[in-house]
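S.K.: Have a look at this one before I ask anything.
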Amino acid sequence: MQEKFKHYLIIAFGWFFLILGIIGLFLPFLQGILFILIGLYLLSYEYHWARCIFKTLKKRYPKMYKKFYDIKEKTSEKFEKILSLKRIKKN
């Protein structure tokens, strides 16, 4: 059950960030490209088409991908804690 919830959570957040990124392309105060990258990254766990787009962006814009990868590495530990949904047992 926890895996199914995690699956739906990743998909929901991925689509949320992707839509927010598309809106951000037209609004000056939102970082559209950043939110699109985050959305594609999350959706690449579940969808093949998102994984292909993300790989294409990696090949086409290696400097931007390196910056994104560095940020991902810094925040991956916190992200994994959120997605693992571990509960602390009280003794």
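The values are calculated or read from the model by the stated rules, or taken from the named source; none is laboratory data. Quick caveat, the model's predicted, so the values are computed rather than measured. Cβ coordinates were reconstructed from backbone atoms using ideal geometry, including for glycine residues, and neighbour counts include every protein chain displayed.
S.K.: Please work out if Lys59 is among the charged types (D, E, K, R), modelled with pLDDT under 85 and out of contact with any strand residue (DSSP E or B) (no Cβ under 9 Å at 6 or more places or on another chain). Working first, answer last.
M.R.: Values: among the charged types (D, E, K, R): yes; modelled with pLDDT under 85: no; out of contact with any strand residue (DSSP E or B) (no Cβ under 9 Å at 6 or more places or on another chain): yes.
No: the conditions fail for Lys59.
S.K.: Restricting to segment 1-58, what's the tally of residues that are part of a helix (DSSP H, G or I), within 19 Å of Ile71 (Cα to Cα) and under 11 Å from the mean Cα position of the chain (by Cα)?
M.R.: 16
S.K.: Pairs under 6 Å by beta carbon, first residue touching a residue at least 24 places away in the same chain (Cβ under 8 Å) in segment 48-63, partner surrounded by 13 or more Cβ atoms within 10 Å (Cβ to Cβ) and aliphatic (A, V, I, L, M), six or more apart or different chains?
M.R.: Sorted first by the residue in segment 48-63, then by its partner, the pairs are Ala50/Leu40; Ala50/Leu43.
S.K.: State all residues of segment 74-85 that are within 26 Å of Tyr8 (Cβ to Cβ) and either part of a helix (DSSP H, G or I) or at pLDDT 85 or above (or both); if no residue qualifies, say none. Let's see the steps before the verdict.
M.R.: Going through segment 74-85, the residues within 26 Å of Tyr8 (Cβ to Cβ) turn out to be 75-85.
Passing the criteria: Thr75, Ser76, Glu77, Lys78, Phe79, Glu80, Lys81, Ile82, Leu83, Ser84.
S.K.: I need the full set of residues from segment 22-39 which are touching a Leu at 6+ places or on another chain (Cβ under 7 Å), within 25 Å of Lys63 (Cβ to Cβ) and either charged (D, E, K, R) or at pLDDT 85 or above (or both), in order please.
M.R.: Of everything in segment 22-39, those that are touching a Leu at 6+ places or on another chain (Cβ under 7 Å), within 25 Å of Lys63 (Cβ to Cβ) and either charged (D, E, K, R) or at pLDDT 85 or above (or both) turn out to be Gly24, Phe35, Ile36, Gly39.
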